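Take a look at the structure below.
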Amino acid sequence: MADIDALRTDLTRHPSERDETQLVPIVLPPALLQLNWPGPIVQIGRLPFVAAWAVLGEDNMMTYVNGELAAYWENAGIDWRAKALDNLMRMTGSRPASHQKVDEGGRPLMQIMLHEDGVGPSRLLLPHLFDDTLGPDYQVAIPERTCAIAYRADLTPEQKADVDGAVEGCFTRGTEPMSADRFDASLFWVPLQAGG
């Protein structure tokens, strides 16, 4: 009950009380476009995912940006969409992945984004994040709402089976499955212009 009480209290806060340094984009399932979403939400390019924005709080609580909060920031002259990406880059810092798997030669073959902040998949919106470790043609998957996987394109059959196992396992056993499909990482590197 304490979580519900905390959420109710949080929802009554004035926009001026929101910390825009904790604002980030959030990758979500496309079904949300069919709902009467209360704030900005956009399709991510041609992908089967959408982006909304949220302010991260304590205990992994997040407050999604609604129309009132977006208008408040816009009236204050804050480019909150750019700020959200800047915040995500700062939060990612030198730790773009929470876990990795390397091949027998010590070269990374898979980077997993299952960060404590719960916005691992959002990191896929940052261009060229794994170019140095996985090569510029790396592939990605978002099998679960809090987990994303990036992997090299030049995998051996055994390495591909490892990646497939990780994606399928996370998709079938995750609490909020998203997609078992794989994508070119570059498809996520599109401008997120607020709509909705």
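Looking at PHE171, PHE130, can you tell me which residue is touching a residue at least 24 places away in the same chain (Cβ under 8 Å), surrounded by 15 or more Cβ atoms within 10 Å (Cβ to Cβ) and closer than 23 Å to ASN60 by Cβ?
After applying the criteria, what remains is PHE171.
Filter segment 147-184 for residues that are under 13 Å from the mean Cα position of the chain (by Cα) and outside any loop (DSSP other than H, G, I, E, B); which is nearest to ILE44 (Cα to Cα)?
Of everything passing the filter in segment 147-184, ALA148 is nearest to ILE44 (Cα to Cα).
If I ask for residues that are surrounded by 14 or more Cβ atoms within 10 Å (Cβ to Cβ) and within 15 Å of the chain's Cα centre (by Cα), which ones from segment 185-196 would you list?
Residues satisfying the conditions are ALA185, SER186, LEU187, PHE188, TRP189, VAL190, LEU192.
Among the numbered criteria (1) in contact (Cβ under 8 Å) with a residue 24 or more places away in the chain; (2) buried (at least 19 other Cβ atoms within 10 Å of the Cβ); (3) under 19 Å from PRO121 (Cα atoms), which single criterion is violated by TYR64?
Going through (1) in contact (Cβ under 8 Å) with a residue 24 or more places away in the chain; (2) buried (at least 19 other Cβ atoms within 10 Å of the Cβ); (3) under 19 Å from PRO121 (Cα atoms) one by one, TYR64 breaks only (2).
When the residues of segment 1-35 are narrowed to those that are surrounded by 15 or more Cβ atoms within 10 Å (Cβ to Cβ) and of a type outside the set (A, V, I, L, M, F, W, C), which ends up modelled with the highest pLDDT?
Looking at the filtered set, the residue picked out is PRO25.
Please determine whether any residue of segment 105-116 is outside any loop (DSSP other than H, G, I, E, B) and either in contact (Cβ under 8 Å) with a residue 60 or more places away in the chain or of a type in the set (Asp, Glu) (or both).
Within segment 105-116, none of the residues are outside any loop (DSSP other than H, G, I, E, B) and either in contact (Cβ under 8 Å) with a residue 60 or more places away in the chain or of a type in the set (Asp, Glu) (or both).
Kindly provide the set of residues from segment 130-146 that are among the charged types (D, E, K, R) and either assigned to a loop (DSSP other than H, G, I, E, B) or within 15 Å of MET178 (Cβ to Cβ) (or both), ordered by number.
Answer for segment 130-146, where residues must be among the charged types (D, E, K, R) and either assigned to a loop (DSSP other than H, G, I, E, B) or within 15 Å of MET178 (Cβ to Cβ) (or both): ASP137, GLU144, ARG145.
Considering only residues that are β-branched (Val, Ile, Thr) and surrounded by 13 or more Cβ atoms within 10 Å (Cβ to Cβ), look in segment 95-127 and name the one that is farthest from GLU158 (Cα to Cα).
VAL119
Sort out which residues of segment 46-75 are part of a loop (DSSP other than H, G, I, E, B) and either at pLDDT 95 or above or under 19 Å from VAL119 (Cα atoms) (or both), and write them in order of number.
Once the filter is applied, which keeps residues that are part of a loop (DSSP other than H, G, I, E, B) and either at pLDDT 95 or above or under 19 Å from VAL119 (Cα atoms) (or both), segment 46-75 yields LEU47, PRO48, PHE49, GLY57, MET61, VAL65, ASN66.
Among (1) modelled with pLDDT of 95 or more; (2) in contact with a Phe, Trp or Tyr (Cβ under 7 Å, 6 or more places away or on another chain), where does GLY39 come up short?
All conditions are met except number (1).
The values are calculated or read from the model by the stated rules, or taken from the named source; none is laboratory data. Quick caveat, the model's predicted, so the values are computed rather than measured. FYI the Cβ positions are ideal-geometry reconstructions off the backbone, even for glycines, and counts take in every protein chain you see.
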